[in-house]
Amino acid sequence: MNLRLKYLPKMKILNFLLTFIYPKTCMSCNTLLNYNTKIELCDNCAKDFNPYRGNRCITCDRPIDNTGECSICKSEKIYFEKGYCVYPYAGAVRNTILNFKFKNMALYYTYLGSKMTEYYFEYIMESYDYITAVPIHKKKLKVRGYNQAELLAEYISEQINIPYCTILKRTVNTKPQNALSKKERVTNIKNAFSLIDNIDIKNKSILIVDDIFTTGTTINECCKVLKKADAFKVDFLSLSAKIETK
């Protein structure tokens, strides 16, 4: 008899006990999963983590209805050269990011970072001097315990063999951007970032990482600081981006 078949009943019992003692749940909807599930997503939520095949802005990469540039990249002064966004900020992706960010699910960074790494190898493959992250204010860091963008950036850095470097600091503890209008976002985030002390990025190429790209004001303000410090090129990589519809 095949040894695997012989021990299958015992394996099922062990799997049941492990699932009961150490429950594994979907990162998005918290559905209880089989202990041997390779990824922490239920089948239904995993569908939202498939590559997006629709139209994208040619500058910031956000999903859009039409072709060419989104309305923001057309109308605003942009300080990044090229943006890359892995998923639309919707459905299971949105739920997972919110859990990762606000519900102490820091360990999600390995799966989410791996998906961003896959996107890098498939669509970016640029050479950068440094990878960095959008910083959060020290007061928010104290409450949350971690900067989710930094966890993602450090993971990606290790996978693609480009050094991670802390370059920016958040000097103003701003209001949450998601509750503000577009105009309020710009005012809220203005002058909220600066370079850390004793950092020289002149003529350096930098990839800055974040988890959500909505109106782009936060990323753009970070890139503005980097470009004013004479960085040669600044691109960004975001785990998700809000869809722009007409």
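Throughout, read-outs are computed from the coordinates displayed, never taken from laboratory work. Note that this is a predicted model, so its numbers are computed, not measured. No Cβ is skipped: glycine too gets one built from the backbone with ideal geometry, and neighbour counts run over all protein chains shown.
Quick notes on this structure:
- Square roots of five times the Cα gyration tensor eigenvalues for the chain, Å: 36, 20, 18
- Degrees between helix 91-102 axis and first principal axis of the chain (Cα, 0 to 90, nearest 10): 80
- Pairs exceeding a 18 Å alpha-carbon distance, out of Lys101/Lys140; Lys82/Lys233; Lys47/Lys82; Lys142/Lys190: Lys47/Lys82; Lys142/Lys190.
- Using a simple spin-label model with pseudo-atoms 7 Å out from Cα toward Cβ, Lys142 and Asp230 lie 3.6 nm apart.
- Calculated from backbone phi, Karplus (6.51, -1.76, 1.60) coupling profile of the range 106-122 in Hz, x at Gly/Pro: 4, 5, 5, 4, 5, 5, 5, x, 5, 5, 5, 5, 4, 5, 4, 5, 8
- Between helix 217-228 and the chain: long-axis angle, C-alpha atoms, 0 to 90°, nearest 10: 50
- Neighbour counts of other Cβ atoms within 10 Å put Tyr108, Tyr87 in the fewest-to-most order Tyr108, Tyr87.
- For Cys85, residues with placed amide H under 5 Å, excluding near neighbours: Ser238
- Built amide H within the under 5 Å cut-off of Lys24, gap 5+: Leu33
- Modelled spin labels at Ile196 and Met105, positioned 7 Å past Cα toward Cβ, are 2.9 nm from each other.
- Within the straight-line cut-off of under 14 Å between alpha carbons, the aspartates and glutamates reachable from Lys77 are Glu69, Glu221, sequence neighbours fewer than 8 places apart in one chain being disregarded.
- Estimated [θ] at 222 nm from DSSP helical runs (n ≥ 4, -39500 (n - 2.57)) normalised by residues in the chain, nearest 500: -11000 deg cm²/dmol
- The alpha carbon centroids of the range 30-86 and the range 121-145 are separated by 17 Å.
- On Cα atoms only, tilt of 3-21 relative to the major axis of the chain in degrees: 60
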